[in-house]
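For reference, the structure discussed in these notes is given below.
The values are calculated or read from the model by the stated rules, or taken from the named source; none is laboratory data. Here the structure is a predicted model, which is why all the values come from computation and not from measurement. Cβ placement follows ideal geometry from the backbone for every residue including glycine, while neighbour counts extend to all protein chains displayed. Calculation scope for accessible area: heavy atoms of the full protein, side chains included, ligands and nucleic acids excluded. Shrake-Rupley method; radii C 1.70, N 1.55, O 1.52, S 1.80 Å.
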Amino acid sequence: MTRPTGQPQWRDPGLLVMGSLSSGAKHGYAITQDVSKTLGIVLGPGTLYGALARLEERHLIEALAGDERRRPYRLTATGIRVLSEQTEGMLRFAAIAKANLSKLKPNAAALELPS
């Protein structure tokens, strides 16, 4: 399955931002704190604001009115659909990989590379 151009994928800053926004509108700093707290991934300012700009260009998120310093963002209807598709694909992949790994565990020693 090929990924349509411009759609974020796992560990992609855009997908991390969208995942954070799935719980509601947030401003940039709140997004970075959420991603850091839940996943242990630190999004630097350049990475975060670059991802926000790309997501907004693709109509996956939209900016809301905010104060001078903090501009909140939220998912659009398209963003909700894309995030749902991405997470469903990730769940299918994880289930298959987990099932395959469980078959390999008894034979883990056979998978080790020679020294």
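Annotations for the structure displayed:
- Within segment 69-86, considering residues that are in a strand (DSSP E or B) and under 16 Å from Tyr29 (Cα atoms), the one least open to solvent (accessible area, probe 1.4 Å): Tyr73
- When segment 8-23 is limited to residues that are open to solvent by less than 30 Å² (accessible area, probe 1.4 Å) and small (Gly, Ala, Ser), the one that is nearest to the chain's Cα centre (by Cα) turns out to be Gly14.
- Unique residue being of a type in the set (Ser, Thr, Tyr), under 27 Å from Arg92 (Cα atoms) and at pLDDT 95 or above when the list is Thr5, Thr38, Thr78: Thr78
- Residue check, Thr38 under 13 Å from the mean Cα position of the chain (by Cα), outside any loop (DSSP other than H, G, I, E, B) and more than 11 Å from Val17 (Cα to Cα): yes
- Complete set of residues in segment 41-68 that are under 20 Å from Gln86 (Cα atoms) and open to solvent by 60 Å² or more (accessible area, probe 1.4 Å): Arg54, Glu56, Glu57, Arg58, His59, Glu62
- Within segment 82-96, at least one residue is in contact with a helix residue (DSSP H, G or I) (Cβ under 7 Å, 6 or more places away or on another chain) and at pLDDT 95 or above.
- Taking first residues from segment 44-57 that are in a helix (DSSP H, G or I) and partners that are among the β-branched types (Val, Ile, Thr), the Cβ contacts under 6 Å between residues at least 6 apart in sequence or on separate chains come to Leu48/Thr32; Ala51/Val17; Leu55/Ile61.
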